[in-house]
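Structure, as structure tokens:
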Amino acid sequence: MPAVDDLELMQHADGELDQGTHAQVEARLATSADDRAKVQSLGEMGELVRTRLELAADDVPAGRFGAMWSAIERSIDTTAERAPVRAASSSGVSPGLWARFTSWFERYRGHVLTGAVSAGAVAALAIILRPDGRTETITRPNAIDVQPAALRMAPEIETLDTPNGEGTVLNIEDEDGNTTVIWVSPADTVEGI
């Protein structure tokens, strides 16, 4: 079995080896106590570095982070204020709503145009591909007639046969549409009780 060099051991500890090389290094580690000790030391060193970096980040004063964020916000505000002024000064209009709109449009022009072209293409396809009254519908034998829900008519029930009883159908109309109530009562009910 070929000797494993320190670079391969570091790559193994970091999980950067391909499967074939990984299997060779694992086989070598199973037989070599020295290589196992090196891999364990590499792991401990990595953990030590990570811990030190975490502690160093915790030691940074909050005021320093606050100063960094303030500098970032000032640069953003300055950039946002200059863009409308440049756009407004070139058109001769005082900075305002129009300047802010043109600044926004300049940044997102590609997205707006792509959306408009896409919407136009979809509308054109919908107009071209919609069925007209002149087309014939070809039906196969034993095919089920399926219509869109908006075109379906609700079935009308004239009579309701119930075994040993009576059935009543009530249609109630309100502002939301029609509601149908089916009332079934047994025949042995005595009236007036």
Taking 0.36 nm per residue of separation between ASP18 and ALA33 and subtracting their Cα-Cα distance, the length gained on full extension comes to 3.1 nm
Quick one: order LEU97, LEU55, LEU29 from most to least accessible surface, probe 1.4 Å. LEU97, LEU55, LEU29
For the range 1-48, what's the relative contact order in percent, using C-alpha pairs closer than 8 Å and at least 6 residues apart? 41
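The values are calculated or read from the model by the stated rules, or taken from the named source; none is laboratory data. Since the structure is predicted, the reported quantities are computational estimates derived from the model, not experimental observations. To get the accessible areas, we keep the full protein, side chains included, count just its heavy atoms, and leave off ligands, DNA and RNA. Shrake-Rupley method; radii C 1.70, N 1.55, O 1.52, S 1.80 Å.
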